[in-house]
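Written below as structure tokens is the structure these notes are about.
The values are calculated or read from the model by the stated rules, or taken from the named source; none is laboratory data. Just so it is clear, the structure is predicted and the values come from calculations on it, not from any experiment. For neighbour counting, all protein chains shown are included, and Cβ atoms are generated from backbone atoms with ideal geometry for every residue, glycine included.
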Amino acid sequence: MEKAEQKHKKNKKISRIVLISLLLIGGVIGFIKYREAQRYETTDDAQLETDISPISARVSGYISKVYFTDNQLVKKGDTLVVLDDRDLKIKVQQAEAALDNAKASIETSKANAVSVQEGGGTTIYKIDELKIRLANAQVEFDRYKTMFAEGSATRQQFEKAQTEKEALAKQIEYVQQQQKESNSKTGTANEQIKVAESVVKQRQSDLDFANLQLSYAIVIAPFDGIISKRNAVPGQLIQAGQPLCSIVSSENLWVIANFKETQLTKMKPGMKVEVEVDAFSNKKITGKVNSFASATGSKFSLIPPDNATGNYVKVVQRIPVKIELDKSNDILKDLKPGMSVYVRVVLEE
């Protein structure tokens, strides 16, 4: 009986010790969690992001050569795909011929303008000559007029002097009319030069465009990265805008962490961030808060929720936060976009 009572007391004592230990452990864990909540804001709704650019053809044509394979590292400016450019070269030659023809038209228009101007100069000299002759004829007419009045000259001589004077006056009127027509032709010739010059500019633009289209027959890498989703085969007919592959940037990685709206109260750009990648849980990555999205993630969804439908249920929204990773992290070269990460924003140092 006494042994049973002693055993019961012993068990009761052990139970108290265990209970007190559990309470102490729970208190310590609770205090740690509380301090962590005061110092950090955390989320596991986050992943790695980078620039991913689809590489598309800018002209239609048959693929001649493909210079890459899936998951290949390429540098900016590397040739990825070459199209059959024979038809594009013919268009360049046609544009060059049209440009040469337009330039020849300018030279013809200029020669025509020079010829018209020279003709106008000749009429000016002719008018000056006729005016001099008319002045002499006027003097001669006046002299014969006086002599005829005095009876020392015959009517025939008087009328001859009068006829010569009037003929010269008519010739001056005729040449002056030619001068006006020449001036008009000069203006028209100059306008033709302007038209020819505008045609040259147009043909030059056509040639530049043809050369630009020819350059598109060679598809190059826009930046350093890794090729993915290869969709190009030699001999394949592609259309302008058709994707050939995608290139994933190998240099610039960042994290998009979707924090609850209630977690953003104390967070500010520039705060230190600790990142843990699920695939490398034993390695820590440092970074800093870069910026906050201008709206919640739901507002960017394909069908944003409409709270005016009458079945409103309040849900805590999440706001994407961009986190910039420190370049000093050696592990960055092993990371891939889309990897899941755990993020802790340090609120207090």
Return yes or no: is P320 assigned to a loop (DSSP other than H, G, I, E, B), within 27 Å of I226 (Cα to Cα) and touching a residue at least 24 places away in the same chain (Cβ under 8 Å)?
-> no
What single numbered condition from (1) surrounded by fewer than 15 Cβ atoms within 10 Å (Cβ to Cβ); (2) among the polar types (S, T, N, Q); (3) farther than 19 Å from E41 by Cα fails to hold for S249?
-> (1)
Being more than 17 Å from D44 (Cα to Cα) and modelled with pLDDT of 85 or more is the filter; apply it to region 300-330 and report the residue that is surrounded by the most Cβ atoms within 10 Å (Cβ to Cβ).
-> D326
Residues of region 266-309 satisfying the condition of being in a loop (DSSP other than H, G, I, E, B) and within 21 Å of V341 (Cα to Cα) = M267, K268, P269, G270, M271, D278, A279, A293, T296
Is it the case that S198 is polar (S, T, N, Q), in a strand (DSSP E or B) and modelled with pLDDT under 90?
-> no
The one condition in (1) part of a strand (DSSP E or B); (2) modelled with pLDDT of 90 or more that S250 fails to fulfil | (2)
Qualifying positions in region 323-349 - part of a loop (DSSP other than H, G, I, E, B), of a type outside the set (A, V, I, L, M) and over 21 Å from E261 (Cα atoms) | D326, K327, S328, N329, K336, P337, G338, E349
Is it true that F280 is closer than 30 Å to D87 by Cα and surrounded by 13 or more Cβ atoms within 10 Å (Cβ to Cβ)?
-> no
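So that you can scan it fast, the table gives a plain yes or no per residue for (1) without any contact (Cβ under 8 Å) to a residue 60 or more places away in the chain; (2) crowded, with 18+ Cβ neighbours inside 10 Å; (3) more than 13 Å from K322 (Cβ to Cβ):
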| residue | (1), (2), (3) |
| --- | --- |
| L253 | no, yes, no |
| K266 | no, no, yes |
| K272 | no, no, yes |
| V275 | no, yes, no |
| G287 | yes, yes, no |
| S291 | yes, no, no |
| A295 | yes, no, yes |
| S298 | yes, no, yes |
